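Colleague: Before I ask anything, let me first share the structure, which is written out below as structure tokens.
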Amino acid sequence: MQLAARHEACCDRDGMEPTNARITRVLACVLSLAACGGSSHSAGDGGTAGEAGLRPSCGPDGPRWSAAGDGLGATEDMAVDASGGVYAFVPLAGVLAFDERGERRWFRPLPGAAPRSGKGLVVSPGGDILVLTGLESAVRVGEAEVGPGRGVVSLTPAGELRWFVELEGDLHGVAAPSADRATVLRDHAGQREVVALGEDHGVRWRTSLEEVPSSGSAGVTIAASPGGRLAVSWPGFVGALNVDGELLFRGVVPAREVHDVAIDAAGRVAVVGSFSGSPDFGGGDLGPSAQFDAYVAVYDPDGSHRWSRALSSSSFDYAYGAVFTPDGGLIVTGHFGEGGGLRSDLDVGGDDPLVSVDNDRDLFLAAYDGDGELRWATRVGSRGDVVGRTVGVGPCGRVVVGGFFVTEVELEGTVLERADPDTRFTPFVWQTTVR
């Protein structure tokens, strides 16, 4: 079945009734499913994922699927809930929800200004979806109306609006340390600060971390652990806070770019991004690099260096997303390669590099244990760019990656194609299993 036909079948099934041609294209095509005529592998019994109290079906392979959209940007943020449901955020369009098998559950248009970096979507411990967005005009979410304004939108697992809180300042990321509460990293009144909202959505506490850098920052991001701790990072800074906003440690990130931060239940913090030169994260120089190489740095709960490494090739290399696994390991995604018939060998650790030949930018996915030893790594390439921007871990050892491609990409046996030849970036979501 062609992609356009899959779009139509999915939208007929969902019964969407958009109000103008542009919204029609968004509702019908953003992240339409490979599952609507594509392949899906699953084992065992299970209910509809994403609903409270239901458990995912687990098997030796688990359901593997992929979904593509209509060239409206990239899947910049993505989260997986406890039942295996996946929520993808495309800043130019909105939020789309899948169940554990890749079946589309709902779409909510939330177009507007997204964070330049940092997390724009998370799932709270209570199962709600928190989205950081800026709305130039009001939009309808189910039976309710949201906006205009910049702030945090909370959606139920069924996609209904729970609340919207407008916030001042430049908003960089949102985290969910506990059910019904949101925490935002922002620049406001000359200060870079973390603001925690209470159950009534008023400010519960705020912690100022430093003055806003005059030159700006290439990456400002926040994350929450299952235990409620927070991690924040940007170039030159990494730190952790407890549930009351008290700073537990602060350190230095000696890199030009920070693209993601993660924190696990034990309080370990991971930072990923790109660097040039010879930075030392605490375990020795990673360079030298005359251009951009990717890096991973992991800190213990007290802020001491645990492990770090460069992910480097002869081309430009970027790490964009990271997530801890339940056993303290780390999974990282990004891209490498530069096309033009040139070969790029990405050293991710281990014996064999990932090799890109004749492609443009290739996606990489690398998994490490708690001490930084490589467990496995893979790459995905095609004609044109394929870039990993965000990664999550679901139940049963599932790994979910979001990003964009330019021309086409084959994932889990399904070829995803751009629906509109006039657009450059096509968002995708890909669920696979630990290799």
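Colleague: Scan the stretch 311-326 residue by residue and report those that are under 21 Å from the mean Cα position of the chain (by Cα) and either assigned to a strand (DSSP E or B) or hydroxyl-bearing (S, T, Y) (or both).
Modeller: L311, Y318, A319, Y320, G321, A322, V323, F324, T325
Colleague: Okay, moving on. Mind listing just one residue for me: the one in the stretch 182-216 that is of a type in the set (G, A, S) and either in contact with a helix residue (DSSP H, G or I) (Cβ under 7 Å, 6 or more places away or on another chain) or without any contact (Cβ under 8 Å) to a residue 24 or more places away in the chain (or both) and, of those, surrounded by the most Cβ atoms within 10 Å (Cβ to Cβ)?
Modeller: Here the residue is S208.
Colleague: What's the total number of residues in the stretch 233-247 that are outside any loop (DSSP other than H, G, I, E, B) and under 16 Å from W205 (Cα atoms)?
Modeller: As a first pass, look at the stretch 233-247 and keep what is outside any loop (DSSP other than H, G, I, E, B): 233-234, 237-241, 247.
Those left that are additionally under 16 Å from W205 (Cα atoms): 240-241, 247.
The number of residues fulfilling the criteria is 3.
Colleague: Please list, ordered by first then second residue, the pairs with beta carbon atoms under 9 Å, 6 or more apart or interchain, first in the stretch 399-416 and closer than 15 Å to R389 by Cα, second aromatic (F, W, Y) and outside any strand (DSSP E or B).
Modeller: Correct list of pairs: F404/F425; F405/F425; V406/F425.
Colleague: Within the stretch 407-419, restricting attention to residues that are assigned to a loop (DSSP other than H, G, I, E, B) and surrounded by 14 or more Cβ atoms within 10 Å (Cβ to Cβ), which residue is modelled with the highest pLDDT?
Modeller: In this case the residue turns out to be T407.
Colleague: Of the numbered conditions (1) buried (at least 24 other Cβ atoms within 10 Å of the Cβ); (2) within 20 Å of the chain's Cα centre (by Cα); (3) assigned to a loop (DSSP other than H, G, I, E, B); (4) not basic (K, R), H259 satisfies every one except a single condition; which is it?
Modeller: (3)
Colleague: Going by the structure shown, is A113 under 15 Å from the mean Cα position of the chain (by Cα), closer than 23 Å to A176 by Cβ and at pLDDT below 90?
Modeller: no
Colleague: Those residues that are modelled with pLDDT under 95 and acidic (D, E), I need them from the stretch 245-265; list them, please.
Modeller: Passing the criteria: only E257.
Colleague: Among the residues of the stretch 402-430, count how many are among the basic types (K, R) and under 16 Å from the mean Cα position of the chain (by Cα).
Modeller: 0
Colleague: Condition first: in contact with a Phe, Trp or Tyr (Cβ under 9 Å, 6 or more places away or on another chain), at pLDDT 90 or above and farther than 19 Å from S382 by Cα. Now tell me which residues in the stretch 326-366 satisfy that.
Modeller: If the condition is that a residue be in contact with a Phe, Trp or Tyr (Cβ under 9 Å, 6 or more places away or on another chain), at pLDDT 90 or above and farther than 19 Å from S382 by Cα, then G329, L330, I331, V332, V348, G349 are the ones that fit.
Colleague: Given the structure, is V203 at pLDDT 95 or above and either hydrophobic (A, V, I, L, M, F, W, C) or in contact with a strand residue (DSSP E or B) (Cβ under 8 Å, 6 or more places away or on another chain) (or both)?
Modeller: Values: at pLDDT 95 or above: no; either hydrophobic (A, V, I, L, M, F, W, C) or in contact with a strand residue (DSSP E or B) (Cβ under 8 Å, 6 or more places away or on another chain) (or both): yes.
Against the criterion (at pLDDT 95 or above and either hydrophobic (A, V, I, L, M, F, W, C) or in contact with a strand residue (DSSP E or B) (Cβ under 8 Å, 6 or more places away or on another chain) (or both)), V203 does not qualify.
Colleague: Related question: Within the stretch 348-380, count every residue that is farther than 22 Å from D300 by Cα, buried (at least 18 other Cβ atoms within 10 Å of the Cβ) and hydrophobic (A, V, I, L, M, F, W, C).
Modeller: So the answer is 6.
Colleague: With the requirement that a residue be in contact (Cβ under 8 Å) with a residue 24 or more places away in the chain and polar (S, T, N, Q), what does the stretch 226-247 give you?
Modeller: The one that is in contact (Cβ under 8 Å) with a residue 24 or more places away in the chain and polar (S, T, N, Q): S233.
Colleague: Based on this model, can you work out whether R389 counts as crowded, with 23+ Cβ neighbours inside 10 Å and in contact with a Phe, Trp or Tyr (Cβ under 7 Å, 6 or more places away or on another chain)? Before you say what the answer is, go through the steps one by one.
Modeller: Working: crowded, with 23+ Cβ neighbours inside 10 Å: yes; in contact with a Phe, Trp or Tyr (Cβ under 7 Å, 6 or more places away or on another chain): yes.
Here the answer is yes, as R389 does meet what is asked.
Colleague: So, one more: Just give me the residues in the stretch 297-309 being part of a strand (DSSP E or B) and within 18 Å of G239 (Cβ to Cβ), in sequence order.
Modeller: A297, V298, Y299, H305, R306, S308
Colleague: Filter the stretch 160-177 for residues that are under 19 Å from the mean Cα position of the chain (by Cα) and not hydrophobic (A, V, I, L, M, F, W, C) and give the result.
Modeller: Within the stretch 160-177, the first condition is being under 19 Å from the mean Cα position of the chain (by Cα), and the residues that meet it are 171-177.
Listed by number, the residues that qualify are H172, G173, P177.
Colleague: Do we have any residue at all in the stretch 295-306 that's farther than 19 Å from G370 by Cβ and either at pLDDT below 95 or touching a Ser or Thr at 6+ places or on another chain (Cβ under 6 Å) (or both)? Before the answer, list the steps.
Modeller: Kept after step one, since they are farther than 19 Å from G370 by Cβ, are these residues of the stretch 295-306: none.
For the stretch 295-306, residues farther than 19 Å from G370 by Cβ and either at pLDDT below 95 or touching a Ser or Thr at 6+ places or on another chain (Cβ under 6 Å) (or both): absent.
Colleague: Another question, then. Just need a number here: residues in the stretch 265-287 that are free of Cβ contacts under 8 Å to residues at least 40 places away in the same chain, of a type in the set (S, T, Y) and part of a strand (DSSP E or B).
Modeller: Number of matching residues: 1.
Colleague: Is it the case that R268 is modelled with pLDDT of 95 or more, surrounded by 15 or more Cβ atoms within 10 Å (Cβ to Cβ), among the basic types (K, R) and farther than 20 Å from W234 by Cβ? Working first, answer last.
Modeller: On the way: modelled with pLDDT of 95 or more: yes; surrounded by 15 or more Cβ atoms within 10 Å (Cβ to Cβ): yes; among the basic types (K, R): yes; farther than 20 Å from W234 by Cβ: no.
Answer is no for this residue.
Colleague: Under the condition of being more than 27 Å from G403 (Cα to Cα) and among the hydroxyl-bearing types (S, T, Y), which residue from the stretch 271-322 is surrounded by the most Cβ atoms within 10 Å (Cβ to Cβ)?
Modeller: Among them, the one singled out is S278.
Colleague: Taking the stretch 211-241, which residues are over 16 Å from the mean Cα position of the chain (by Cα) and small (G, A, S)?
Modeller: Residues satisfying the conditions are S214, S215, G216, S217, A218, G227, G228, G236, G239, A240.
The values are calculated or read from the model by the stated rules, or taken from the named source; none is laboratory data. Note that the structure is a prediction, hence the values are computed from the model and not measured. Quick reminder, even Gly has a Cβ in these numbers, built from the backbone with ideal geometry, and neighbours come from all protein chains shown.
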